[in-house]
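Trainee: Okay, handing you the structure first.
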Amino acid sequence: MRKDAAVADDRPARSRHRAERSRSEEPVPDDELMRVIYREHAGPLLAYVLRLVAGDRHRAEDVVQETLVRAWRNVHRLNRATGSVRPWLVTVARRIVIDGHRSRQARPQEVDPAPLEVMPAEDEIDKALWLMTLSDALGDLSDAHREVLVETYFKGRTVNEAAETLGIPSGTVRSRVFYALRSMKLALEERGVRA
């Protein structure tokens, strides 16, 4: 076996293809070239990109995949290349990583909605139902009883202030409040509310 033939057998497949192509001047089919590029360069390219992305394997695999897709799109140019393809692949991968970093810096940081899901929130439905029941029970009271409850409990006035507003003696306000509360308790119990 000749010495130069032995050296040619030790060279990577891409170099052998280039050597054969230079003899015959026939281009390597695109699909075969992509298989050769993947077989020879995907592993080292992944190792290189892993260092660039601080060991994030998923991100590194995405970058390598995008790099190989770009190589496939430019396979006609790579097929005519005379040197190694690896510098081109490394440059493309590095640029993809840089572009990804820049785009993450340009857009606002995403917020994880998970903490909001466990945050307790006030149940407004119970409050609304209570107010509806209370309003309905107030409707069952006489006008006089309803007036004193509205003035004393809902508007927060004292007995004397309510008496002055309603134009009745303070003793009458106390008496009406007593009977209004008793009637209100019965009206709420009729609606299933324990008062």
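Trainee: If you check Asp143 against the conditions, is it charged (D, E, K, R), exposed (fewer than 11 other Cβ atoms within 10 Å of the Cβ), more than 17 Å from Met184 (Cα to Cα) and out of contact with any strand residue (DSSP E or B) (no Cβ under 7 Å at 6 or more places or on another chain)?
Mentor: When the stated conditions are applied, Asp143 does not pass them.
Trainee: Answer yes or no as to whether Ile168 is farther than 30 Å from Tyr38 by Cβ, aliphatic (A, V, I, L, M) and surrounded by fewer than 12 Cβ atoms within 10 Å (Cβ to Cβ). Even if it seems obvious, please write down each step before you answer.
Mentor: Details: farther than 30 Å from Tyr38 by Cβ: yes; aliphatic (A, V, I, L, M): yes; surrounded by fewer than 12 Cβ atoms within 10 Å (Cβ to Cβ): no.
Taking the combined requirement at face value, the residue does not satisfy it.
Trainee: Here's another thing I want to ask about it. Just checking, how many residues over region 72-113 are modelled with pLDDT under 85 and of a type in the set (A, V, I, L, M)?
Mentor: Matching residues across region 72-113 total 6.
Trainee: Anything in region 140-189 that is without any contact (Cβ under 8 Å) to a residue 12 or more places away in the chain, closer than 22 Å to Leu129 by Cβ and of a type in the set (D, E, K, R)? List them, or say none.
Mentor: Lys185, Glu189
The values are calculated or read from the model by the stated rules, or taken from the named source; none is laboratory data. It should be emphasised that the depicted structure is a prediction, and the values quoted were computed from it without experimental measurement. Note that each Cβ is placed from the backbone with ideal geometry, even for glycine, and that neighbours are counted across all protein chains shown.
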